[in-house]
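Following: one structure in structure tokens, then a few remarks.
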Amino acid sequence: MDQALNIAQLPILVKDLSDTVDCDSVRKNVSELELIENIKNSITEEKDMCKMPEFAQLGEALKNESAQYLRNFWMDDPTHSFEDLQITESWANQSVKGEEHHLHQHPFSVVSGVMFLSDTQDNLNLTFENEITPVPYWRTGTRRAYYSIKDLIGDENNLKNHVVIFLSTTGHMVQPVQGDTPRVTISWNTFWKGKVGNINANGWSNHRFIDADVVDNKGNYPGPRTGYAVFK
Ligand SMILES: [Fe+2]
């Protein structure tokens, strides 16, 4: 067998929300929000829009999709889990022809996402950063590669009414808008809610087979060495 294996993994989810959310009313309600200037585009003054009653259905869907993304792609330790996520910030962005969004990450957030509201190919300009592994004794230091959504999925579907969900530590940017249609999107951040970590840590006796560096007050190994945190 001759085969090239690739162990690099940075899953990014693209999902159509047309059947989950009333996207037309989201679009209408977003158009009524006040915009202020951002670094290279405009952004809503409202940074918690999913708490507004008119965006309640959207907020619930974005939270559920974010949690499901984490569970599907990143929860690979069977002793660790999380009870829930919550949306901590949510806002809309508007970029007109020539405007762009600089390279950034979303600090103090676990999973972030973008929802595309406009019917434009410029949705596909969302671009992600990934590190290139250096070749020993050839290339040193950190080099980065950039992949637009268009590079990744082509341009047959412009992703109107879709979300793109990623880890908040993933660098991303939007190349300058080319078309005459303003590119309107919703962005959101999330954080843990409830128990996170070894959420079954009270059932220590079930985990004695796992190596541990602490003992309980009877001298027994209590199981996994990490506990959990609880977020309100
Ligand atoms: Fe962003």
| query | Which trypsin sites (Lys or Arg not before Pro) in the range 110-175 pass both tests, a DSSP loop state and at most 14 other beta-carbon atoms within 10 Å? | reply | 139
| query | Share of Cα-Cα pairs in the range 100-202 beyond 17 Å, in percent? | reply | 61
| remark: Here, chymotrypsin sites (Phe, Trp or Tyr not before Pro) of the range 102-140 satisfying both criteria (DSSP loop; at most 12 other Cβ within 10 Å) are 108, 137, 138
| request: Let me know the charge dipole size of the range 13-197 about its Cα centre in debye, to the nearest 20, where only the beta-carbon of Lys, Arg (+1) and Asp, Glu (-1) is charged. | output: 580
| query | What aspartates and glutamates sit close enough to residue 47 to cross-link, taking a C-alpha to C-alpha distance under 13 Å and skipping anything fewer than 8 places away on the same chain? | reply | 34, 89
| request: Based on alpha-carbon positions alone, could you give the equivalent ellipsoid semi-axes of the range 1-66 from the gyration tensor, as √(5λ), descending, whole Å? | output: 34, 18, 11
| All lysines inside 18 Å of residue 40 as judged from Cα atoms, apart from same-chain residues fewer than 8 positions distant | 97
| task | Just add up the charged neighbours of residue 51: K/R +1, D/E -1, any other residue whose Cβ is under 12 Å from the Cβ of residue 51. | result | -3
| Reachable lysines from residue 193, criterion Cα separation under 18 angstrom, eight or more residues apart if same chain | 51, 63, 232
| request: Principal axes first, then extents: for the Cα atoms of the range 13-197, list largest minus smallest coordinate on each axis, whole Å, largest first. | output: 55, 43, 31
| Using only helices, what value at 222 nm comes out for the chain when you add -39,500 (n - 2.57) per DSSP H run of length 4 or more and divide by the total residues, to the nearest 500 deg cm²/dmol? | -4000 deg cm²/dmol
| Gaussian network model of the chain, Cα within-10 Å springs - most flexible of 157, 41, 125 | 157
| field | Dipole in debye (nearest 20) - the range 43-101, about Cα centre, beta carbon charges: Lys, Arg +1; Asp, Glu -1 | value | 100
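Since every read-out is calculated from the coordinates, none of them should be taken as a lab result. From a predicted model like this one, the values you see are computed outputs, not experimental measurements. Glycine gets a Cβ as well: all are built from the backbone with ideal geometry, and neighbour counts include every protein chain shown.
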